[in-house]
Amino acid sequence: VLIASFSDPTFVSAGQVVLWPKGITWLGYERIFSIDAVLVGYKNTILYTATGTAISVTLTLGAGYALSRKSLPFRNFFIAFFTVTMFLNGGTIPMYLLIKELKLLDTMWGVILPGALSVWNLIIARSFFASNITDDLTGAAEIDGCGQIRFFFSIALPLTKALIALLALYYMVGYWNSYFNAVMYLKSASKQPLQLVLREILIMDQNQEMLTDMWDIIERQKTAELVKYGVIIVSTVPLLCVYPFVQKFFIKGVMIGSLKG
């Protein structure tokens with residue numbers, strides 16, 4: 001995909017481009033970055049991703065730790081309450097009306113808050129805390145006068161680096177690729193995330209006015225092909241740059257709950 005994004009689409013379509021570019025052209029990237037909205041979309045997406053990831057990881061760690069403690073009143077009820085939402089939801093229209101009543105329409109909170117807590121990630125966090133933060137450790141801390149809040153911040157969190165990295169990566173990818181909430185709840189072009197901006201670019205390139213000149217049609221099609229590949233690169237490179245730094249934690253994190261004993 002990277003090589004095809006700056007190779008002549010004629011050679012790409014003919015299957016002549018494999019691991020080396022042919023007919024190098026930067027027309028696709030020039031088309032993408034000639035639109036000011038792309039930089040605005042990058043800024044918005046980075047803001048939504050950073051803020052959303054911080055909120056989501058905080059909520060997931062707090063709720064996961066609480067649900068892992070057997071001393072939590074009505075613990076089984078809360079676990080069932082969260083689990084039900086994995087199978088049932090209110091639907092698109094009720095959700096839109098709820099966001100509207102909360103006055104979150106056309107704000108970044110309308111993009112972030114509806115998906116701030118993933119129950120799947122919550123179950124992972126709960127399993128990690130239940131397996132690694134034992135009641136014996138909690139009891140020893142209580143004997144020394146350590147309360148639950150201090151125990152969580154001073155003892156539990158430092159022992160959960162792999163879990164934090166895993167949750168941060170999952171949420172970061174989710175917010176970076178977030179599309180549906182932005183379509184539903186954002187109206188202002190200045191608040192659109194990158195994925196929505198790139199979608200508009202593809203639509204513009206595919207829905208051009210009818211052209212009578214055959215050569216113009218061919219050139220438009222070539223540009224559209226370059227833009228498609230370029231859009232993939234532009235939207236995924238930031239995540240590819242971040243992944244190597246959290247890879248070792250990610251590998252440890254995905255093994256959570258896979259072994260028992």
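Pairs of Lys residues in the chain that lie 8 or more places apart, or on two chains, and have C-alpha atoms under 25 angstrom apart add up to 20. Accessible area per residue was computed with a 1.4 Å probe on protein heavy atoms; Val18 scores about 110 Å². Dipole of the chain (Lys/Arg Cβ +1, Asp/Glu Cβ -1, origin at the Cα centre): which of Tyr29, Ile149, Leu113 lies farthest to the positive side? Most positive-ward Cα: Ile149. Whole-Hz Karplus values for the stretch 22-32 come out as 10, x, 4, 8, 9, 4, x, 5, 4, 5, 5 Hz, taken residue by residue from phi with 6.51 cos²θ - 1.76 cosθ + 1.60 and θ = phi - 60°; glycine and proline positions read x. Taking N as the residue count of the stretch 51-191, its C-alpha radius of gyration divided by 2.2 N^0.38 Å amounts to 1.21.
Could you tell me which chymotrypsin sites (Phe, Trp or Tyr not before Pro) in the stretch 1-73 are loop residues by DSSP with no more than 14 other beta carbons within 10 angstrom of their beta carbon?
On the way: sites: Phe6, Phe11, Trp26, Tyr29, Phe33, Tyr42, Tyr48, Tyr65; in loops: Phe6, Trp26.
Hits after loop and neighbour filter: Trp26.
Computed from backbone phi with θ = phi - 60° and the Karplus coefficients 6.51, -1.76 and 1.60, the 3J(HN,Hα) list for the stretch 87-95 is 10, 10, 9, x, x, 5, 5, x, 5 Hz; x is used for glycine and proline.
Suppose the chain between Asp135 and Ser190 were pulled fully straight at 0.36 nm per residue; how much longer would it get relative to their current alpha carbon spacing?
Value of the extension gain: 14.8 nm.
Rounded, prolate or oblate: which fits the stretch 1-107 when a ≥ b ≥ c are the square roots of the eigenvalues of the alpha-carbon gyration tensor, with rounded for a/c under 1.5 and prolate only if a/b beats b/c? The shape class here is prolate. Positive-end ranking of Leu137, Met172, Ala182 along the dipole of the stretch 128-199, with charges on Cβ about the Cα centre, is headed by Ala182.
For Cα extents along the principal axes in Å, the value computed from the atomic coordinates appears in the list [x] 61, 39, 34; [y] 70, 46, 44; [z] 82, 46, 29 under label [z]. Modelled label positions at Trp26 and Ser154, each set 7 Å beyond Cα in the direction of Cβ, lie 5.6 nm from each other.
At an R0 of 30 angstrom, the distance between the Cβ atoms of Gln16 and Val242 translates into a FRET efficiency of 0.35.
Axis of helix 119-132 versus longest Cα principal axis of the chain: the two differ by about 40°, to the nearest ten degrees. The order of Phe87, Phe82 by accessible area, most exposed first and with a 1.4 Å probe, is Phe87, Phe82.
With +1 on each Lys and Arg Cβ and -1 on each Asp and Glu Cβ, and nothing else charged, work out how big the dipole of the chain is about its Cα centre, in Debye to the nearest 20.
Values: 20 positive and 16 negative charges, 177 e Å.
Charge dipole, the chain, about its Cα centre: 840 debye, nearest 20.
Here the contact order of the stretch 1-77, divided by its residue count and restricted to Cα pairs under 8 Å and six or more residues apart, works out to 18 percent. Considering all different alpha carbon pairs of the stretch 107-167, the Kirkwood hydrodynamic radius works out to 13.3 Å. Ranking Ser56, Leu163, Val12 by Cα position along the charge dipole of the chain, where only Lys, Arg, Asp and Glu carry charges on their C-beta atoms, puts Leu163 farthest toward the positive end. Estimated at 0.36 nm per residue, the fully extended path between Val84 and Ile232 surpasses their Cα-Cα distance by 49.8 nm.
Can you tally the net charge around Gln192? Count Lys and Arg as +1, Asp and Glu as -1, for every other residue whose Cβ sits under 13 Å from the Cβ of Gln192. List each step's numbers first, then the result.
Details: positive: Lys43, Lys187, Lys191, Arg199; negative: Asp36, Asp106, Glu200.
Within the 13 Å Cβ shell, the charges total +1.
Computed from backbone phi, the HN-Hα couplings of the stretch 175-184 come to 5, 5, 8, 4, 9, 5, 4, 5, 4, 6 Hz, rounded to whole numbers (Karplus: 6.51 cos²θ - 1.76 cosθ + 1.60, θ = phi - 60°; Gly and Pro given as x).
Among Lys100, Lys191, Lys228, the largest mean-square fluctuation in a Gaussian network model of the chain (Cα springs under 10 Å) belongs to Lys100.
Relative contact order, whole percent, for the chain stands at 35, derived from Cα pairs under 8 Å and 6 or more residues apart.
Note on Phe77/Ile3: beta-carbon distance plugged into 1/(1 + (r/R0)^6) with R0 of 35 Å gives a FRET efficiency of 0.05.
The values are calculated or read from the model by the stated rules, or taken from the named source; none is laboratory data. Note that the coordinates shown come from a computational prediction; the quantities given were computed from them, not determined experimentally. Here Cβ is always computed from backbone atoms with ideal geometry, including for glycine, and neighbour counts include all displayed protein chains. Please note that ligands, DNA and RNA were not included when accessible areas were found on the heavy atoms of the full protein model with its side chains. Shrake-Rupley method; radii C 1.70, N 1.55, O 1.52, S 1.80 Å.
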